[in-house]
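A quick write-up on the structure given underneath.
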Amino acid sequence: MNKSGKIPLFKTNFNTIQKIAPGVFTLTFPRTEDFRPGQMLAITLNKAEDPRLYSIASGNFEKEYRILFDIQSEGFLTPRLAELKSGDTLYISRPFGSFYGGSGLDWWIAAGTGIAPFISMLEVGMAEGKTLIHGGRKLESFYFADAFKLVLKDNYIRCSSVLNEEGIYAGRLTEYLLHIENLPMDINYYICGSSQLVVDVRDLLIKRGVPYNQIIAEIYF
Ligand SMILES: Cc1cc2nc3c(=O)[nH]c(=O)nc-3n(C[C@H](O)[C@H](O)[C@H](O)COP(=O)(O)OP(=O)(O)OC[C@H]3O[C@@H](n4cnc5c(N)ncnc54)[C@H](O)[C@@H]3O)c2cc1C
C-alpha cells in the first residue's frame, strides 16, 4: 500500500478468458513476479476505480497468472471482466496476502470460487497428503474437480445438498464435517470462501474440538 492508503497498480494486457461453467470464468495475464500459492492480486479495469481482490489460481512456475471469478449480476467489476477481449488493458497489484498453506496433512475446505487458492497450491505440488472438502450445488460447480481428483483420489470429497450422484456426499459440506467420525485434531484446516461459509465451518470445527489456532481462513467479502 502507498502513502495514500491505496494499493499501487500496474498496467498489463489480458491474454485469455475461458468460460468454465455458467457465469464462471478463468482469466489469464502475464505474471510479473514471484508469489506464494494462496496469495492474491487486486484488479481493476481503470485506475480511477477501486480494485477488487482475486486469489491467484495458478502455479508460480507458470508464465501467466490465472484468476477464477464468477459474475455478480449487480456487481461493478465482474460483468465487465467477463466481456474482456484479448489484449484489453487491466491494472493489477503486486501479489500479496498470507493464506499460504502448509506442508502437513492439512484439510482444505472450499466452496464456489473459494477453491482458487487451492488450485494454485495443487499446481505447485502442495496437495500431497491433503484432504479437500469441496462444496457445490451442481456438478459443474466443482471447478477443477478433475485435477483435484487425479491427485487427491479418495481424499477429494465433494458435497452437494442438491445432487444425488454416486461419489458425491449428499449434503452440505458443513453436514459432512459435522457427521464424519474421527475428525483429525492434530492438523491445520484451511477454509476459503464466503464469510458465511468460513464462519459456519470455523464454528463447527471449534465445537468439535479443533483448536482455534489450527483454523486458517481466507474470507471473500
Ligand atoms: C481476499 C479476497 C479474495 C477474493 N478472491 C476472489 C476470487 O478468487 N474469485 C472471485 O470470484 N471473487 C473473489 N473475491 C471477491 C471479489 O473481490 C469481488 O468482491 C467479487 O468478484 C465481486 O466484484 P464485483 O465488482 O463484480 O461486485 P461488487 O460491485 O463488489 O458487488 C458485490 C456484491 O454486492 C452486490 N451489490 C452491489 N451493489 C449493490 C447494491 N447497490 N445493493 C445491493 N447489493 C449490491 C452485488 O450483486 C454483488 O453480489 C475475493 C475477495 C477477497 C476479500
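A short reminder: the numbers here are calculations on the coordinates, not readings from a lab. Fair warning: this is a prediction, and the values are worked out from it, not measured in the lab. Ideal geometry is used to build each Cβ from the backbone, glycine not excepted, and the neighbour counts take in all protein chains shown.
Let me spell out the model: positive unit charges on the Cβ of Lys and Arg, negative unit charges on the Cβ of Asp and Glu, origin at the Cα centre of the chain. What dipole size does that give, in debye rounded to 20? Show your work: numbers first, answer last.
Working: 23 positive and 24 negative charges, 120 e Å.
Dipole of the chain, to the nearest 20 debye: 580 debye.
Please list the non-local residues whose amide H lies under 5 Å from the amide H of residue 193, H modeled 1.01 Å from N, same-chain partners needing a gap of 5 or more.
Residues meeting the criterion, in which the H sits 1.01 Å from N, are 218, 220.
So for the pair residue 208, residue 153, with labels modelled 7 Å out along Cα→Cβ, what separation do we get in nm?
With each label point 7 Å from Cα toward Cβ, the separation is 2.3 nm.
Sort 119-127, 17-25 for me by packing, meaning the mean count of neighbouring Cβ atoms within 10 Å per residue, highest on top.
Working: 119-127: 21.1, 17-25: 14.2.
In descending order of packing, they fall as 119-127, 17-25.
For residue 63 and residue 85, calculate 0.36 nm times their separation in residues minus their Cα-Cα distance, and state this gained length in nm to one decimal.
Extra length from residue 63 to residue 85 when fully extended: 6.0 nm.
So, with +1 on the Cβ of K and R and -1 on the Cβ of D and E, and no other charges, what is the size of the charge dipole of segment 107-220 about its Cα centre, to the nearest 20 debye?
On the way: 10 positive and 13 negative charges, 36 e Å.
I would put it at about 180 debye.
Among 191, 43, 109, which one shows the biggest mean-square fluctuation in a GNM of the chain, springs joining Cα atoms closer than 10 Å?
43
Once Rh for the chain is found with the Kirkwood sum over Cα pairs, what is the Stokes-Einstein diffusion coefficient at 4 °C and 1.567 mPa s, in µm²/s? Display every interim value, and only then the final one.
Values: Rh = 18.0 Å.
This corresponds to a translational diffusion coefficient of 72 µm²/s.
Once you sort the root eigenvalues of the Cα gyration tensor of segment 43-167 as a ≥ b ≥ c, which label holds: rounded (a/c under 1.5), prolate (a/b larger than b/c) or oblate (the other case)? Write out the running numbers ahead of the final one.
Numbers: a/c = 2.34, a/b = 1.47, b/c = 1.59.
Cα axes put segment 43-167 in the oblate bin.
With r defined as the distance between the Cβ atoms of residue 105 and residue 11 and R0 fixed at 41 Å, what FRET efficiency is calculated, to the nearest 0.05?
On the way: r = 42 Å, r/R0 = 1.02.
The computed FRET efficiency comes out at 0.45.
Using the number of other C-beta atoms within 10 angstrom as an exposure proxy, rank 161, 73 with the fewest first. Numbers along the way, then the final one.
Numbers: 161 14, 73 8.
Going from sparsest to densest Cβ surroundings: 73, 161.
Only Lys, Arg, Asp and Glu count, each charged at its Cβ (+1, +1, -1, -1), so figure out the dipole size of segment 10-92 about its Cα centre, rounded to 20 debye.
Numbers: 10 positive and 10 negative charges, 31 e Å.
The calculated dipole for segment 10-92 is roughly 140 debye.
So which residue, out of 56, 157, 187, gets the largest mean-square fluctuation from a GNM of the chain using Cα contacts under 10 Å as springs?
Most flexible of the set in this elastic network: 187.
Starting from the Cα-Cα distance between residue 161 and residue 19, subtract it from 0.36 nm times their residue separation and give me the gain in nm to one decimal. All intermediate terms of the calculation are to be shown ahead of the outcome.
Working: separation 142, 0.36 × 142 = 51.12 nm, distance 2.45 nm.
Value of the extension gain: 48.7 nm.
Can you classify segment 126-183 as rounded, prolate or oblate using the Cα gyration tensor, where a ≥ b ≥ c are the square roots of its eigenvalues, rounded means a/c under 1.5, and otherwise it's prolate if a/b beats b/c and oblate if not? Mind showing how you got there, number by number?
Values: a/c = 2.10, a/b = 1.13, b/c = 1.86.
In terms of gyration-tensor shape, oblate.
Give me the count of lysine pairs in the chain whose alpha carbons sit under 19 angstrom apart, restricted to pairs 8 or more positions apart or on different chains.
Close lysine pairs found across the chain: 11.
Classify segment 107-220 as rounded, prolate or oblate, taking a ≥ b ≥ c as the square roots of the eigenvalues of its Cα gyration tensor: rounded when a/c is under 1.5, otherwise prolate if a/b is larger than b/c and oblate if not. Spell out each step's value before the answer.
Numbers: a/c = 1.40, a/b = 1.17, b/c = 1.20.
Verdict is rounded for segment 107-220.
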